[in-house]
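Only one structure is covered here, and it is reproduced in the block below.
The values are calculated or read from the model by the stated rules, or taken from the named source; none is laboratory data. Keep in mind that this is a model prediction, so the values were computed, not measured. Heads up, the Cβs are rebuilt from the backbone with ideal geometry, glycines too, and the neighbour counts pull from every protein chain shown. Ligands, DNA and RNA are stripped out before the accessible areas are found, and what is left, the full protein with its side chains, is counted by its heavy atoms. Shrake-Rupley method; radii C 1.70, N 1.55, O 1.52, S 1.80 Å.
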Amino acid sequence: MNRTQVRIGPADGSPFDVTRQADYVADAAKSTLKALAERGLRVSVLRQAPSHPSFDAEIAARASLPGSNLYFGMPDLSTSVSLTEVTQRHAPIDDLFRSFAAKGLVTYIDTWSAFCSGSRCDMRGGLSTDYVTSTRLSTSGALSLAKFFADDLKRAVTHAPLRRNLDS
């Protein structure tokens, strides 16, 4: 599958600087959240599932077959990553959305308890993994987030603009 990279640039028309992508994303998020808040909308952001840079379900499936040692160059697979490592990798975006949550602009829904213990984040191993790629969830992985959506939807029903629409 080919993926096209998306780059967000400065809104003020100043020259594009690829080293400032994080700033451009933060500015775009702030401006979007401001526009939504002005319309009385409540925003929830689901924290991305912890990334596992050394995992691919297709390779894991091949590695589990008899004779997998015959594949030349079979990459090492990791079905677990330290919580410290993945927390550091996700820190910039987590910091951004936590700051929005602290200002009341969003509800930042932390999903990691579905995937992580106090020290490790696991794939749930084998062919029953919750991941397809290092960051893309399988059906079982997506279903493991249902509880988080349900909890957030319960909070949404208490949001005044939504209640007014439900009551009318």
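Quick rundown of the values:
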quantity: Within the range 137-151, considering residues that are of a type in the set (A, V, I, L, M, F, W, C) and not in a helix (DSSP H, G or I), the one most open to solvent (accessible area, probe 1.4 Å); calculated: Leu137
quantity: Candidate set from the range 119-136 (those that are at pLDDT 85 or above and either outside any loop (DSSP other than H, G, I, E, B) or out of contact with any Leu (no Cβ under 9 Å at 6 or more places or on another chain) (or both)); member that is most open to solvent (accessible area, probe 1.4 Å); calculated: Arg120
quantity: Some residue of the range 50-69 being open to solvent by 90 Å² or more (accessible area, probe 1.4 Å), outside any loop (DSSP other than H, G, I, E, B) and either more than 21 Å from Tyr131 (Cα to Cα) or at pLDDT 90 or above (or both); calculated: yes
quantity: Where a residue in the range 40-59 is closer than 20 Å to Phe115 by Cα and its partner, wherever it lies, is hydrophobic (A, V, I, L, M, F, W, C) and modelled with pLDDT under 75, with Cβ under 7 Å and at least six apart; calculated: Ser54/Leu77; Phe55/Leu77
quantity: Search result, residues across the range 94-106 that are touching a residue at least 60 places away in the same chain (Cβ under 8 Å) and open to solvent by 40 Å² or more (accessible area, probe 1.4 Å); calculated: Leu105
quantity: Residues being outside any helix (DSSP H, G or I) and modelled with pLDDT of 90 or more - total across the range 82-105; calculated: 1
quantity: Test for Ala28: is it open to solvent by less than 50 Å² (accessible area, probe 1.4 Å) and either of a type in the set (A, V, I, L, M) or assigned to a strand (DSSP E or B) (or both); calculated: yes
